[in-house]
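A short write-up of the structure that comes next.
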Amino acid sequence: MDDGGVSKAVAVVACAATALFYVAILYAPTLILRLPPPPSFKNFMIRRFLCAAISSVVSIAVSALLLPMKSREVSSLLSVYGIRTDHIWQAMVFPLSLTALMYAGSLVLKVLMLVSSLREDMNYGGGFSFVYIKNVSQEAVACTRSIASNVLVWRNYVVAPITEELVFRACMIPLLLCGGFQKSTVIFLCPIFFSLAHLNHLMEVYSRQNYNLIKAFKVIGLQLGYTVVFGSYASFLFIQTGHFLAPLVAHAFCNFMGLPVLVSRGKGLIAVASVAGIVGFLCLLFPMTHPDLYNDRTDNCRCWQGYCSGN
């Protein structure tokens, strides 16, 4: 990037407008274009997928126009957003392993439940045999097909992580950094836009809570708190690694796991695993996100932000 940057006011306004546009466009087909309601939930979600994709493209274009780029070549633009072909396995394995530590209790609980379920199936099916393996394989294939055709799976683990990371990390963070904000400030400022974009779920939660406003605000408050915490972590990953895949895999994994399980009644092992995972996460947070792991050269790296040199 060029030495000259955008002003802080322009950066904040652009980020706020981007967040607002990401939410508003979801309702554009019915409120603005006056299109008829989709005939099915699947069609409804596909329409939202298209809206989210349009929002992502527009956000990338707007940020590209505002950022003081040295070059407008495609490779340079992609590097600004952390979309790189180098160090792919590092950007996937290290952040994913680090994030999994926070879910150590949840993972142990899932393993215990899986073992218990397998034991029940083996006892019911007459033990470990060829027939048992065949039945398990058929169930696994059927489950995979069901998951692949589930529109909510595509929303939670593909569309939402990709579009949200593009808009709220890849587009916003360069703008805020060029606006003169410190890295630490960006890590806590960027998630605010991310959490505000989730306020559109208020009416949905309100109806699920039998139109109890207090309960709805409690649920939304918990969700906003969680999105701020995760947004800070995702922003940290993006700034440290300069790689789009780092927060992307963490986002998809967190969506899959949900809120971490810290304790479970009658299972002290879960609490022990949770504490061990948290300690491991804190100890490995900076070593596993050190820029040297994600760039061949730290004095002339290709990542968009140039902090690999420690500047």
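Side notes on the structure shown:
- Above-threshold pairs, the threshold being 31 Å between Cα atoms, out of LYS8/LYS218; LYS42/LYS267; LYS8/LYS215; LYS218/LYS267; LYS110/LYS218; LYS183/LYS267: LYS8/LYS218; LYS42/LYS267; LYS8/LYS215; LYS183/LYS267
- Working value for the range 42-121: equivalent-ellipsoid semi-axes of 40, 22, 10 Å, each the square root of 5 times a Cα gyration tensor eigenvalue, largest first.
- Solution diffusion estimate, µm²/s, Stokes-Einstein, the range 1-92, Kirkwood Rh from C-alpha pairs, 20 °C, viscosity 1.002 mPa s: 136
- As a fraction of the 1.4 Å probe accessible area of the range 8-293, surface on carbon and sulfur atoms comes out at 72 percent.
- The range 72-110: trypsin sites (Lys or Arg not before Pro) in DSSP coil with no more than 14 other Cβ atoms inside 10 Å: ARG72
- For the range 8-293, the spread of Cα coordinates along the three principal axes comes to 67, 52, 42 Å, biggest extent given first.
- Between the range 1-53 and the range 233-281, the Cα center-to-center distance that results, in Å: 28
- Most to least packed among 29-35, 152-158, 185-191 [average Cβ atoms within 10 Å]: 185-191, 152-158, 29-35
The values are calculated or read from the model by the stated rules, or taken from the named source; none is laboratory data. Nothing here was measured: the structure is a model prediction, and the numbers come from that model. Glycine gets a Cβ as well: all are built from the backbone with ideal geometry, and neighbour counts include every protein chain shown. Only protein heavy atoms, including side chains, enter the accessible area calculation; ligands, DNA and RNA are left aside. Shrake-Rupley method; radii C 1.70, N 1.55, O 1.52, S 1.80 Å.
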